[in-house]
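Please read the structure below before turning to the comments.
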Amino acid sequence: MEQMTKQTETRNTKHDSNTAQRITGIIFAVIEVFLAFRLIFKILGANPDNGFVRGIYAITQLLVGIFEGIFSTATTTGAETRAILEPATLIAMIVIALIAWGVNKMITPRTTNRVESTQFTERDNQLK
């Protein structure tokens, strides 16, 4: 009497290490935080002569400068401050987020399922 036994094993080939994704995610997150500080400082009318504010503006000017002039800025003048809504900063934040998403998609390891199938025959040599 012959018995046929089929054994199937499925393995996921996903890589456990996603260090590159973490590093790029952190880099783009830091850039987004600097741009968010710039946006908030401009909207709240922060003093541009302050060292910290001046540093944030200087660091982010390269990224925001590319998008300046697409839309006009809205300015309001209060008793002591001058608030500015800078659309170039918003556009830069959106573009950087899209670039970060694209880069993370490109470095994501592809996952596939590999199916290994093994067939063997067991023979029962007992007489009945």
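Quick one: how many residues across region 44-66 are in a loop (DSSP other than H, G, I, E, B) and of a type in the set (S, T, N, Q)?
Narrowing region 44-66 to residues in a loop (DSSP other than H, G, I, E, B): 45-50, 66.
Next, only the ones that are of a type in the set (S, T, N, Q) stay: 47, 50.
Of the residues in region 44-66, 2 are in a loop (DSSP other than H, G, I, E, B) and of a type in the set (S, T, N, Q).
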Next item on the list: Can you work out which of the residues in region 49-64 that are more than 22 Å from the chain's Cα centre (by Cα) and loosely packed, with under 13 Cβ neighbours inside 10 Å is nearest to residue 88 (Cα to Cα)?
Entry: 58
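Here, each number is a calculation from the coordinates, and none is a lab measurement. Model, not experiment: these values are computed from the prediction. Here the Cβ is made from the backbone with ideal geometry for all residues, glycine too, and neighbour counts use every protein chain on show.
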